[in-house]
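Down below is the structure, laid out as structure tokens.
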Amino acid sequence: MCIVEVEGMRGFPTACTTPAMGGIVVKANTPQIQELRRNILELVLTEHPHTCLVCDRKERCQPYHICLRKVAVTTGCIMCPKNGRCELQKVVDYVGLAEVKLPYTYRDLPILRDSPFFDRDYNLCILCGRCVRVCQEIRGVGAIAFTYRGSDALVGTAFDYSLEEAGCQFCGACVDACPTGALAERAAKWEGLPERVITTICPYCGVGCQLNLEIKKERIISSVPILEALANKLPLKNFVFQGTPNKGQACVKGRFGIVEFVHHPQRLTNPLIKENGEFKEASWDEVLDLVADKLQRYKGDQFALISSAKITNEENYLSQKFARAIMGTNNVDHCARLCHSPSVAGLTQAFGSGAMTNPISDIGDAACVFVIGSNTPSGHPVIALEVKRAISKGAKLIVANPREINLCRWADVWLRHLPGSDVALLMGMMRVIMDEGLADLAFVEERCENFDAFKQSLKDFDLDFVEKVTRVPKAKIIEAARLYATQKPATIVYAMGITQHSHGTDNVFAIANLAMLTGNIGKPFSGVNPLRGQNNVQGACDMGALPNVYIGYQRIDNPDIQKKFEDFWGVSLSPTPGLTLPEMFDTIHSGKIKAMYLIGENPVISEADAKHTEEALKKLEFLIAQDIFLSESARLASVVLPACSFAEKDGTFTNTERRIQRVRKAIKPTGNSKPDWWIICEIAKRMGGKGFDFSDPSEIMQEIAKVTPGYGGVNYQRLEKVSLCWPCPNEESLGTPILHIGTFVRGKGRFTPLSYKPPAEMPDKDYPLILTTGRSLYHYHTGTMTRKVFGLNFLEPEGAVEVNPADARGLGINQGDKVKVISRRGEVITKARVTEASPPGVVYMSFHFAESAANILTSATVLDPVAKMPELKVSAVRIEKV
Amino acid sequence: MPHELAEIFKSYQAEKGAVIPLLQKVQENLGYLSKEAISEIAKFSGISESEVFGVASFYAQFRFTPRGEHSLKVCLGTACHVRGGSNILETVERELGVQPGGTTSDYKFSLERVACFGCCALAPVMVVDKDVHGRMTTTKVKDILGKY
């Protein structure tokens, strides 16, 4: 259909493949072309039900849509789920096709319903190949392909496998690419066209995908990633996807996992007050008065607030302001403690800023990608697309992971090191780089400091030692070191595999050292990129929901800063840094913390040593839980406050690449739920607090901009047009996508000498296996949201422990057997999945499942000395058959 | 992974993109492309099973079912056609219970339909393995099949 006429060129070239040249004259719409298009279209339509397409009475059928379309076989537009959005309809109108003279063949293929989210009716397929191309070229999955040929050609899987067997990840990119009704989202199938579409940000991981929520009758009917996004509002030169982290893609959770949890019948709709162990519904006035009255008695350090990485920046700002200004304590923390606190601590010391140094889109243009301690395709599926883009452009890929993750398929080198041996592995690589003269010494000389001390500490890491500790053959370490040091620009991508250790900060230092040693930082397409786990964990850190810093990482122990905030908020503030999350639970046990305000967090499942956490929450005199569901932790609360979901409020999220993006209210709040910012303000006002009179989140952002240097130039008017990466100090600034260009934020990059420390708990006679934990593609965190989605539960209904076949043989365990996993803290019963993906001696569990909660097993006794991170990635366990 | 596949892959280590020659080689060795073979080829070449299957199913030369002990070809070239080749084929199909391209459930015969063996004087012709059976009649079919 994209054929055109070009003067001086023979035939009818396709516009999409003909390069434009100076002075060529292109005609896109002549009678001759239209005639040709009509003929082609007619041929296409001989195999596509077209009665309605060319029917001159089609308008009159509209009122009968609802009855007609619920038939099994689609024989015309009026029975088609795509009616109104179908591109064939548009093309037929455009070329003015009024009749199909050729005979029509209905292929009579069965409708495939093997995906929990969409149906495939290949009777409607026109073999355009968009689904195949997006699956192979953009998603790098290739679950579907053209099979057979000629008149038998069909889009399908090998041997007609189900989509799941064919490796489909159910991202829905094919559904969005399909121009006809062949691929149709099942849940939205008969909803028709939306009444309105609201652009907002996905509430799952830290990628911050921009999504369109389609609304009909105050219900979200679908969530679809946007191709144009903000791009088309920008001047043409910025056109290529500037301002979108996801480039029109999403993952299964964002595409199919939103509608059901937002509209779930178990959403909290009214405030609850616990009386004699039973929850009773109450009015807002009643509950807010009760909370305000109770909290008056717990001012100071006997109060702690756990903020949330799921709520907006504005709300995080208010929650820490509430703890500090109203309650007079710095006991405020959130789940970043359990994910990237070592990155914030480590990278701030090394570079001056604890966030991703480069934007997500830089990864795809790197010459070498080093993925360590991140199962990117599961944890951050959309970032994995960038890694795949880099590979398809010829970049080298190094994967360091004890488990065989999906990316290993493309890895040039796969370093399968033992969990907890990252420092040794990275220092080993740096030793090779130094010994072989591959270091960028000019960069080190000019931009860094403390290099000699670091060089000295490298002496302890000769490769024999490294090989022994990491169990990675020397040759592979050398190969990886050479690749990373010579293929420039090289970028490092890492996640929880680095940080969730009792020496997580050391791991982060090692990564920072490696990047500085090779000069792979402060330049485009390079950098050190910690992938943040939650939609707004970056923002929650930026907003100062941390015990030792105010907003914008301004330190509590600096008297000047304290003075600044005392003046700004008009109160006197506590000069002592507060307690971190794990410390809070210990302090509850010792009786010093008596009241807690828990916002959108489920520590009973997410915290290491879950039993210890649960007992702590039970011990509290007063626990407020503010959530969208009655989570395992909220059940223990004295008062439950129903909050709005992301779709029911305005605000901003800051994604992993520091991009501040607008979250927009799409539907009315569920029941009597209220936005978190409103709830915090109401409590504060009832306690006599000043500075909580906000009527809209944009006013809160104005206040944030006044006290946060990095957010100085951020306001809602600007965010309507662009999404900005901080630091954005003033209204003229367009943000800073790449950090540390020319000079590091702290001045000079600081090398840190390191020594090898084994994990706190190593396997022994009684507990011979190492347990490591992680995340699955289909579930999210403690499952509060994803486990309410039918399709996601269908794809992964329960947890399992992955065991290497060699270990399984020794234990007499078969695939699917029920087993008991036992550590020094507790035991859980789950199913065994025997797989080569786990190396011998190491078993793996995901932590989403409350009934087989991996964190009952993990330890919170030894914490990272700097960041107070528990060792979630390594604990010693044994497995018994039940 | 079966030993044969590992052996074949060794010689293609340097050209992992050569999927078609690899498929040919594997079929030559195994007689057909099994699910396992497709899966291993996919892993080796770094593409998905569906993509490998897509390539293989495009070409008529690749088979996804094991071949029978004997290959049975019935000619439907011009000469054989006019002398009743299609009747022969129908009879064979009925006797064996398979369509051209298929294999009997006891893996004894694989049936194929071809267009001319170059011995039109003998039409209609049926070839079992290397034995040429000329001047076929429908009544002869059962006897000949019984010999194998």
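Under 30 Å from residue A:413 (Cα atoms), touching an Asp or Glu at 6+ places or on another chain (Cβ under 7 Å) and small (Gly, Ala, Ser): which single residue out of A:361, A:343 fits that description? It would help to see each step written out before you state the result.
Details: A:343 fails: touching an Asp or Glu at 6+ places or on another chain (Cβ under 7 Å).
Going through A:361, A:343 in turn, just one is under 30 Å from residue A:413 (Cα atoms), touching an Asp or Glu at 6+ places or on another chain (Cβ under 7 Å) and small (Gly, Ala, Ser): A:361.
Need at least 1 residues that are under 21 Å from residue B:8 (Cβ atoms) per element, so show me which helices (runs of 4 or more DSSP H) inside region B:27-98 make the cut, counting only ones lying wholly within it. Counting at least 1 such residues, we get B:35-45, B:49-58.
So which residues in region A:171-183 are within 28 Å of residue A:380 (Cβ to Cβ) and in contact with an Asp or Glu (Cβ under 8 Å, 6 or more places away or on another chain)?
As a first pass, look at region A:171-183 and keep what is within 28 Å of residue A:380 (Cβ to Cβ): A:171-178, A:183.
Listed by number, the residues that qualify are A:172, A:175, A:183.
One line per residue, one yes/no per condition, for (1) within 28 Å of residue A:583 (Cα to Cα); (2) more than 28 Å from the chain's Cα centre (by Cα); (3) modelled with pLDDT of 90 or more:
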| position | (1), (2), (3) |
| --- | --- |
| A:830 | no, no, yes |
| A:841 | no, yes, yes |
| A:849 | yes, no, no |
| A:856 | yes, no, no |
| A:863 | yes, no, no |
| A:874 | yes, no, yes |
| A:879 | no, yes, yes |
| A:882 | no, yes, no |
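Every condition in (1) over 18 Å from residue A:530 (Cβ atoms); (2) within 14 Å of chain B (Cβ to nearest Cβ) holds for residue A:438 except the one numbered (2).
Of the residues in region B:43-58, how many are closer than 23 Å to residue A:405 by Cβ, among the small types (Gly, Ala, Ser) and facing another protein chain (nearest Cβ under 8 Å)? Let's see the steps before the verdict.
Going through region B:43-58, the residues closer than 23 Å to residue A:405 by Cβ turn out to be B:43-52.
Checking which are among the small types (Gly, Ala, Ser) leaves us with B:45-46, B:48, B:50.
Then keep just the ones that are facing another protein chain (nearest Cβ under 8 Å); that gives B:46, B:48, B:50.
Total meeting the criteria: 3.
Residues in region B:126-148 that are in a loop (DSSP other than H, G, I, E, B) and under 17 Å from the mean Cα position of the chain (by Cα) were compared, and the one that is surrounded by the most Cβ atoms within 10 Å (Cβ to Cβ) is B:129. Inclusion of residue A:784 among residues that are assigned to a strand (DSSP E or B) and under 23 Å from the mean Cα position of the chain (by Cα) is not warranted.
Mind telling me which of the residues A:360, A:306 ends up being crowded, with 24+ Cβ neighbours inside 10 Å and at pLDDT 95 or above?
A:306
The numbered conditions (1) under 30 Å from residue A:55 (Cα atoms); (2) within 12 Å of chain B (Cβ to nearest Cβ) are all true for residue A:89 except (2). From the list A:652, A:743, A:708, which residue is more than 27 Å from the chain's Cα centre (by Cα), over 30 Å from residue A:620 (Cβ atoms) and touching a residue at least 12 places away in the same chain (Cβ under 8 Å)? Among A:652, A:743, A:708, only A:743 is more than 27 Å from the chain's Cα centre (by Cα), over 30 Å from residue A:620 (Cβ atoms) and touching a residue at least 12 places away in the same chain (Cβ under 8 Å). Just one of the numbered conditions (1) at pLDDT 90 or above; (2) closer than 30 Å to residue A:163 by Cβ is not true of residue A:83: (1).
Within region A:734-745, the set of residues being surrounded by 15 or more Cβ atoms within 10 Å (Cβ to Cβ) and in a loop (DSSP other than H, G, I, E, B) comprises A:735, A:736, A:737, A:738, A:739, A:740, A:745.
Yes or no, residue by residue, for (1) closer than 21 Å to residue A:161 by Cβ; (2) away from chain A (no Cβ under 14 Å); (3) in contact (Cβ under 8 Å) with a residue 40 or more places away in the chain:
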| position | (1), (2), (3) |
| --- | --- |
| B:23 | yes, no, no |
| B:41 | yes, no, no |
| B:60 | no, no, no |
| B:73 | no, yes, yes |
| B:84 | no, yes, yes |
| B:94 | no, yes, no |
| B:116 | no, yes, yes |
| B:120 | no, yes, yes |
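Here's the yes/no breakdown for (1) buried (at least 17 other Cβ atoms within 10 Å of the Cβ); (2) assigned to a loop (DSSP other than H, G, I, E, B):
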{"residue": "A:808", "(1), (2)": "yes, no"}
{"residue": "A:831", "(1), (2)": "no, no"}
{"residue": "A:836", "(1), (2)": "no, yes"}
{"residue": "A:839", "(1), (2)": "yes, yes"}
{"residue": "A:845", "(1), (2)": "yes, no"}
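Residues that are modelled with pLDDT of 90 or more, part of a helix (DSSP H, G or I) and buried (at least 18 other Cβ atoms within 10 Å of the Cβ) occur at least once in region A:711-720. Residues of region A:92-131 that are under 37 Å from the mean Cα position of the chain (by Cα) and more than 22 Å from residue A:223 (Cα to Cα): A:110, A:111, A:112, A:122, A:123, A:124, A:125, A:126, A:127, A:128, A:129.
I'd like the residue in region A:438-471 that is under 34 Å from the mean Cα position of the chain (by Cα) and in a loop (DSSP other than H, G, I, E, B) and, out of all such residues, is farthest from residue A:352 (Cα to Cα). The residue in question is A:471.
A single entry from B:34, B:110 fulfils the requirement of being surrounded by 14 or more Cβ atoms within 10 Å (Cβ to Cβ), within 15 Å of the chain's Cα centre (by Cα) and either of a type in the set (D, E, K, R) or within 14 Å of another protein chain (Cβ to nearest Cβ) (or both): B:34.
Looking only at region A:392-404, which residues are free of Cβ contacts under 8 Å to residues at least 60 places away in the same chain and either within 14 Å of chain B (Cβ to nearest Cβ) or not charged (D, E, K, R) (or both)? Result: A:394, A:397, A:399. Across region A:123-176, the number of residues qualifying as in contact (Cβ under 8 Å) with a residue 12 or more places away in the chain, in a loop (DSSP other than H, G, I, E, B) and within 14 Å of chain B (Cβ to nearest Cβ) comes to 17.
Residues are listed down the side, and each one gets a yes or a no for (1) modelled with pLDDT of 90 or more; (2) closer than 26 Å to residue B:24 by Cβ:
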residue	(1), (2)
B:63	no, yes
B:69	no, yes
B:73	yes, yes
B:77	yes, yes
B:90	yes, no
B:101	no, yes
B:112	no, yes
B:119	yes, no
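When region A:256-292 is filtered for residues that are in a helix (DSSP H, G or I), modelled with pLDDT under 95 and charged (D, E, K, R), only A:260 remains.
The values are calculated or read from the model by the stated rules, or taken from the named source; none is laboratory data. Remember, it's a predicted structure, so these values are computed and weren't measured experimentally. Neighbour counts run over all protein chains shown; Cβ positions are idealised from the backbone, glycine included.
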